[in-house]
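Notes for the one structure printed next.
The values are calculated or read from the model by the stated rules, or taken from the named source; none is laboratory data. Note that the coordinates shown come from a computational prediction; the quantities given were computed from them, not determined experimentally. In this analysis, Cβ positions are derived from the backbone assuming ideal geometry, glycine residues included, and neighbour counts consider all displayed protein chains.
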Amino acid sequence: MEKLVQALYGGIVYGSIFGMMALGLTLIWGSLRMLNLAHGSLYLVGTYIFWTLVTVAGVPMVPALLVAAIGAAVVGFVMQTTLLNRILGKPGWDVGSLIVGVGVAMALDQGILLIFGPRVKSMPPLVPGLFKIGRVVINYNYLVVVAVAVVCLVLMSIFLSKSRRGLAIQAVSQQPDAAQLMGIPTRTVFLIVMCISAGLAGLAGALLSTVYQVQRDSGSSAMLMALVVTIFGGLGSVKGTIWAAYIIGLLQSFLMVYLGAGTALPGVFLFMMLMLVFRPSGLFGVGEAQRL
Amino acid sequence: MIGEHASAKQSVGESIGLARLRWEAGPWSRLSVPAVVVAIILLVALPWLAGLSPIRNFVLHLMILFFLWGIVTQGWNLIMGVSGIFSFAQVALFAVGAWTSGVMVQQLGWSPFITMWVGGVATTVVALILGLPTLRLRGSYVVLLTLGFQELFRNFTTQGPNFVAGGGYGLRDVPKYPFAAWVGGEDAQVLFYFLALALFLPATFAIWRIFFSPVGMAFRALRDSEVYAISRGVSPFRYKLFLFGFVAFFTGLAGAFYVHWYGAISPAIMLFGTTINLLAMIVIGGWASFWGPIAGCAVLTVLPELMRAVDQYRILLLGLVLALIAVFAPEGLFPLILRHVNRLLGRKGRL
């Protein structure tokens, strides 16, 4: 019973975290058709901005979270305007964008290493305190992280399905040419998507620095899990991504609780490989016509 | 770069693969024989040209690194640049070869000269197994599955049984090739060099043959228009699986050589850094061109040694250069320079 509670609780925490990371990736894939390998580095940018503001400058948590998200969004904005816009829509976009992502990731990671050094840093929790269900320890901090993530996911799906901008994003990801002909400024939409995605990554990085420690390779492992979730849910599908985030989160948590921490990563990958063999387009494998 | 030769015309007609080539239309017509002969003589004579033994051994060390990563990057370029399979598992395959051979020598006491071939074959088998689910999928899925495989193998080599993981440090004190016992410590490097050369030249030749053969054309066709390639009788899965296994053999062989040259291998080699460094070699040298990865590999093997003092900034710069090249010179630096040189010399591109 305790194990079950522990596993469920861990699964929900992981799921919310993965969901936030993966949502940004899937938005970029859905509209820009780019596998953004710099996503993990944008996460790191958020983490380190947050750490600097809170522990060095003494800024309160909530404004610091916002600044971290905005900071990462600015990096995304710069990447989009200076580099990606130049090759957007040209032949070789898929290879070019992949390499731009790798290059930016390398430069950002190394820049962060040069500025902040290799030492692992620790963050105070957002909200201290804990309570217990049986012997399972539940931190208020984790609950706050989950709450913020869930609010973000809900807001994003409302934004995408209801607001004017959100509908424009959907239109562009379904048919960029037709959307442009209908008067939607596709380049602006791409820019907005990049900023939102980078901002989500930055926010996730900032939030998670209170759960894990602040270290420079946390970005790549977070991105790997986000990639797993994105692909599992069917690339470019927001609904699928959110479902997949919780499924993968629960799977990882159950494997950790019942079979030991070492089995989680191999187990998740094995599961994903098997699923891709039987359902090659992911859990909610949406056709080309109805992405997002 | 390709296409205007008879080989191309014939191959498309005859469902690609087994088309007989006329001798004068073969890929050798692209290279001047004297240049190749001179290059091979220079490579063979290098240990004697390189001077006294401390300098010589350093030069040979660099050359061996160049040969090893040259094999890997050429193979990866064939997979990624020429046929458009976004595999990010090449370093893991390199490691599979290294671990197979290393563990066999350590546990069974076989000669590394035998186990290196087992390493190559084992890597091929692993690549084929990895390729079975992977190569039927599209681009981004391949990226993830191959990255995942690399992560899994790294996990196995850090946390697996002790004879594989060595308590998290990987393989240590792996028996080297017994060259030091044959000729004495100082000169052993020369023999290592020749063995690496003996792996590099056939691998390069084999990749060159594929590159300019009808099979190579089929890969380009699959990359550029899969539907059209299929309609002309190219089976994407079979061709990709063949290429994956073919490249894996040489990659694994290079890995096996590495472990018996260096005497150790750490799971850290499978962190993303190595992969990115190799990718940078390909991109800077010239994506999808034959000489590109070789040139890029040479530059990025020698340059870090000359830039030791600013090593931290090297990766930062490399990242920026990578991003800028992808945007402003997508074909890579080497083809760009080559085109300008050729124009200055007033001749048509031969390479």
Original post:
If you go through the stretch A:105-120, how many residues are crowded, with 16+ Cβ neighbours inside 10 Å and away from chain B (no Cβ under 11 Å)?
Top reply: 1
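Would it be correct to say that B:Ser266 is outside the structural domain of B:Pro330 (by TED's automatic domain parsing) and in contact (Cβ under 8 Å) with a residue 60 or more places away in the chain?
On the way: outside the structural domain of B:Pro330 (by TED's automatic domain parsing): yes; in contact (Cβ under 8 Å) with a residue 60 or more places away in the chain: yes.
In short, yes.
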**OP:** Would you point out which residue out of A:Val100, A:Val74 is part of a helix (DSSP H, G or I) and more than 14 Å from chain B (Cβ to nearest Cβ)?
**Re:** A:Val74
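Can you give me the number of residues within the stretch B:115-157 that are more than 7 Å from chain A (Cβ to nearest Cβ), of a type in the set (D, E, K, R) and closer than 20 Å to B:Ala98 by Cα?
Taking the stretch B:115-157 and keeping what is more than 7 Å from chain A (Cβ to nearest Cβ), we get B:115-132, B:134-135, B:138, B:142, B:146, B:149-150, B:153-154, B:156-157.
Still in the running and of a type in the set (D, E, K, R): B:138, B:154.
Checking which are closer than 20 Å to B:Ala98 by Cα leaves us with B:154.
Going through the stretch B:115-157 one residue at a time, the tally reaches 1.
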Original post:
Which of the helices (runs of 4 or more DSSP H) contained wholly in the stretch B:43-145 include at least 1 residues that are more than 28 Å from B:Val302 (Cβ to Cβ)?
Top reply: B:90-108, B:112-134
Original post:
Are any residues in the stretch B:98-128 surrounded by fewer than 18 Cβ atoms within 10 Å (Cβ to Cβ) and among the small types (Gly, Ala, Ser), and if so, which ones?
Top reply: B:Gly109, B:Ser111
Original post:
Within the bounds of the stretch A:113-133, is there any residue that is at pLDDT below 90, within 25 Å of A:Ser157 (Cα to Cα), out of contact with any Gly (no Cβ under 8 Å at 6 or more places or on another chain) and among the charged types (D, E, K, R)?
Top reply: no
**OP:** Would you point out the residue of the stretch A:29-52, among those that are modelled with pLDDT under 90 and more than 10 Å from chain B (Cβ to nearest Cβ), that is nearest to A:Pro118 (Cα to Cα)?
**Re:** A:Asn36
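Hey, among A:Ala7, A:Ala22, which residue is part of a helix (DSSP H, G or I) and more than 16 Å from the chain's Cα centre (by Cα)? Full working, then the answer.
On the way: A:Ala22 fails: more than 16 Å from the chain's Cα centre (by Cα).
Just a single option satisfies the conditions, and that option is A:Ala7.
Residue by residue, here is whether (1) among the aromatic types (Phe, Trp, Tyr); (2) modelled with pLDDT of 90 or more holds:
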site	(1), (2)
B:Gly245	no, yes
B:Phe249	yes, yes
B:Gly273	no, no
B:Gln312	no, no
B:Leu318	no, no
B:Val321	no, no
B:Phe328	yes, no
B:His340	no, no
B:Lys348	no, no
**OP:** Scan the stretch A:254-271 residue by residue and report those that are under 15 Å from A:Phe232 (Cβ atoms) and within 7 Å of chain B (Cβ to nearest Cβ).
**Re:** A:Leu265, A:Phe269
Original post:
What helices (runs of 4 or more DSSP H) completely inside the stretch A:205-292 contain at least 2 residues that are closer than 24 Å to A:Asn141 by Cβ, at pLDDT 75 or above and among the aromatic types (Phe, Trp, Tyr)?
Top reply: A:238-259
**OP:** Within the stretch B:238-286, count every residue that is under 16 Å from the mean Cα position of the chain (by Cα) and not in a helix (DSSP H, G or I).
**Re:** 1
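Is there a residue being among the basic types (Lys, Arg) and part of a helix (DSSP H, G or I) anywhere in the stretch A:179-193?
Taking the stretch A:179-193 first, the residues among the basic types (Lys, Arg) are A:187.
Filter once more, so that each one left must be part of a helix (DSSP H, G or I): A:187.
Within the stretch A:179-193, one or more residues are among the basic types (Lys, Arg) and part of a helix (DSSP H, G or I).
Every residue in the stretch A:1-58 that is polar (S, T, N, Q) and more than 25 Å from A:Ile87 (Cβ to Cβ), please. Give the derivation first.
Keep residues of the stretch A:1-58 that are polar (S, T, N, Q), which gives A:6, A:16, A:26, A:31, A:36, A:41, A:47, A:52, A:55.
Listed by number, the residues that qualify are A:Gln6, A:Ser16, A:Thr47, A:Thr52, A:Thr55.
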Original post:
Quick one: is A:Val95 within 14 Å of another protein chain (Cβ to nearest Cβ), over 20 Å from the mean Cα position of the chain (by Cα) and surrounded by 19 or more Cβ atoms within 10 Å (Cβ to Cβ)?
Top reply: yes
Original post:
What are the residue pairs meeting all of these: first residue in the stretch A:258-284, first residue without any contact (Cβ under 8 Å) to a residue 60 or more places away in the chain, second residue of a type in the set (D, E, K, R), Cβ atoms under 8 Å, and 6 or more apart or on different chains?
Top reply: A:Leu265/B:Glu151; A:Phe269/B:Glu151; A:Pro280/B:Arg136; A:Phe284/A:Lys239
**OP:** Filter the stretch B:277-307 down to residues that are away from chain A (no Cβ under 14 Å), buried (at least 20 other Cβ atoms within 10 Å of the Cβ) and either small (Gly, Ala, Ser) or within 11 Å of B:Pro335 (Cβ to Cβ) (or both), then give me how many there are.
**Re:** 2
Subject >> Residues of the stretch B:129-176 satisfying the condition of being surrounded by fewer than 19 Cβ atoms within 10 Å (Cβ to Cβ) and in contact (Cβ under 8 Å) with a residue 24 or more places away in the chain >> reply: B:Leu132, B:Arg136, B:Gly139, B:Phe163, B:Val164, B:Ala165, B:Gly168, B:Tyr169, B:Arg172, B:Asp173, B:Pro175, B:Lys176
